[in-house]
């Protein structure tokens, strides 16, 4: 947690979408003023992998398949936090989480052990 901040300050709004997927709202990753399409699709099991589909308004498309994850925003930049297994205790998750950044050209791993 950043000093003086709570997790709610970083959350990205999403709505349930077709068949249990989540559609993230109000993301303009490529900075062109047009909302980009960002969808998370996860399997039925709490520990099944998820896939993130990103389609920018300018045409770039990316996918990321990983363990369970959620999206956050820090200073208008979207990040993916991976490794939030529901069935594992907190102590077992330490050092196994990863952070990706969603950029205009790609999704990049920026922190492999958190």
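Ranking 76, 106, 41 by Cβ neighbours within 10 Å, fewest first, what do you get? Working shown, then result.
Values: 76 9, 106 12, 41 16.
Ranked by crowding around the Cβ, least crowded first: 76, 106, 41.
What is the ratio of the Cα radius of gyration of region 7-111 to 2.2 N^0.38 Å, where N is its residue count, to two decimals?
Values: Rg = 13.6 Å, N = 105, 2.2 N^0.38 = 12.9 Å.
Relative to the 2.2 N^0.38 Å estimate, region 7-111 comes out at 1.06.
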Report the full-extension gain for the segment residue 65 to residue 77: residue separation times 0.36 nm, less the Cα-Cα distance, to one decimal in nm. 2.3 nm
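Here, each number is a calculation from the coordinates, and none is a lab measurement. Given the structure is predicted, the values throughout are model-derived calculations rather than measurements. Note that we place each Cβ from the backbone using ideal geometry, even for glycine, and neighbour counts take in every protein chain shown.
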